[in-house]
Amino acid sequence: MHSSSETISASASVSASVSAAASGTWKLGDLTVNRLGFGSMRLPQNGEAFADRAPSDRDRAMGVLRRAVELGVNHIDTAAFYFSPLRSANELINSALSPYPEDLVITTKVGPGRDPSGAFVWATPEQLRGQVEENLRQLGRDHLDVVNLRLAGSQASASVADHFGALAELREAGLIRHLGISNTTPEQLAEARRIAPVVCVQNAYGIDSPAEAHAFPRACGEQGIAFVPFFAIAGAGREGGASSTHDEAVLKVARGHGATPAQVRLAWTLHQGPHVLAIPGTGNPDHLVENVAAGALRLTDEDLALLAR
């Protein structure tokens, strides 16, 4: 693993010069964000694996959040169900960053909830207001910038009308500024858009995704909707975190740029279109700097062709 002083190019060779602004910007509705953001899923627990659930070091986690903002990150993804014993991602964000910078956009998601044992439960449309209010309370906000309706894998063919309609009513009431949808299909996106504007789609996606997975991100771009992949680094490892083994093409491109495989994966993600955002998460301050530095990595046509194979 490279240290923070061994980043991807001469223009970003030391952490002091690393900035999320190098990734470019996109608008979530009327909110402008740098395309390289931060995901808070891994903050509440110790280690990089979501399943660990051992509480993280609170001061270290808050330090990572503050450092992310110092590095130009102004898009943070979170959820009330990101918690471990003693730690909540929303509480950490509130404690570390409130009063919030004016340009900071916090995106959260509702649908899933977790009972005290950590088991997931799924909200009915009538329960979504309670989940929105829980996020408001934990984050210390009077409205939420962006709320994604997070769907279960078993809901891939289900109608989203009742759930998305409930969120649209909360948007009209002023509790939510913009809406998105997560773990979804093109058909569900179209249904949601008939109810209210959709500013983003959050789906699992990365360099290892099958060929048929590339059409949906492109379609989102054609509709002016941000596509925000999760597990862009972890890939098939998902909540368990990234594997220590990498495809030879990724390693070759990484060597050519003096980068890490994770940086190549993030750079590839951002190369999929100006509407594609990245929200890598980590509780490690060195990994944070590396992730943000990936926003300045420009892959060549040769790199992209090699990675496509």
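Rule-based calculations on the coordinates, nothing more; no lab input. As the structure is a prediction and not an experimental result, all values here were calculated from the model. Cβ sites come from the backbone with ideal geometry, for glycine too, and all protein chains shown count toward neighbours.
Observations on the model:
- Vicinal HN-Hα couplings computed from phi for region 249-256 (Karplus, 6.51 cos²θ - 1.76 cosθ + 1.60; Hz; Gly/Pro x): 5, 5, 5, 5, 5, 4, 4, x
- Whether region 153-309 is rounded, prolate or oblate, judged on the alpha carbon gyration tensor where a/c under 1.5 counts as rounded: prolate
- Highest mean packing first, where packing is the average number of other Cβ atoms within 10 Å per residue, the peptides 159-170, 125-136, 109-120 line up as 159-170, 125-136, 109-120.
- Computed from phi, the 3J(HN,Hα) profile of region 216-233 under the Karplus parametrisation 6.51, -1.76, 1.60 (θ = phi - 60°) reads 5, x, 4, 5, 4, x, 5, 8, x, 9, 5, 10, 10, x, 10, 6, 5, 8 Hz, with x in place of Gly and Pro.
- For region 20-25, 3J(HN,Hα) computed residue by residue from phi via the Karplus equation (6.51, -1.76, 1.60; θ = phi - 60°) reads 5, 4, 5, 7, x, 10 Hz, glycine and proline entered as x.
- Global form of region 49-143, assessed from the alpha-carbon gyration tensor, a/c cut-off 1.5: oblate
- Counted charge near Ala166, where neighbours are those whose Cβ lies closer than 12 Å (Asp, Glu -1; Lys, Arg +1): -2
- Cα centroid separation, region 279-307 to region 160-177: 35 Å.
- Counting beta carbons within 10 Å around each of Tyr100, Tyr205 and listing the fewest first gives the order Tyr100, Tyr205.
- Packing-based exposure ordering (other Cβ within 10 Å, fewest first) of Ser157, Ser23: Ser157, Ser23
- Dipole of the chain [Lys/Arg +1, Asp/Glu -1 at C-beta], most positive-end residue of Val33, His271, Tyr205: Val33
- Radius 15 Å from Cβ of Glu134, net charge of other residues (Lys, Arg +1; Asp, Glu -1): +1
- Gyration tensor (alpha-carbon) shape descriptor, region 248-309, a/c threshold 1.5: oblate
- Chain lengthening between Asp115 and Leu304 when straightened (0.36 nm per residue, less Cα-Cα): 63.7 nm
- Relative to the longest principal axis of the Cα atoms of the chain, the long axis of helix 128-139 lies at roughly 50 degrees.
- Sorted on the mean count of surrounding Cβ atoms within 10 Å across their residues, most packed first, peptides 264-274, 73-83 read 73-83, 264-274.
- Alpha-carbon Rg/Rh ratio, for the chain, with Rh computed the Kirkwood way: 0.94
- Amide H to amide H distances under 5 Å link Ile176 with Leu144, Arg171, where only residues 5 or more positions off or on other chains count and H is placed in the peptide plane.
- Extension gain, Arg194 back to Asp57 (0.36 nm per residue minus Cα-Cα distance, nm): 44.9 nm
- Working ranking of peptides 296-308, 33-45 by packing, defined as the average number of other Cβ atoms within 10 Å per residue, highest first, is 33-45, 296-308.
- Spin-label pair Ala158/Ala215, simplified geometry with 7 Å Cα→Cβ offset, distance in nm: 2.5 nm
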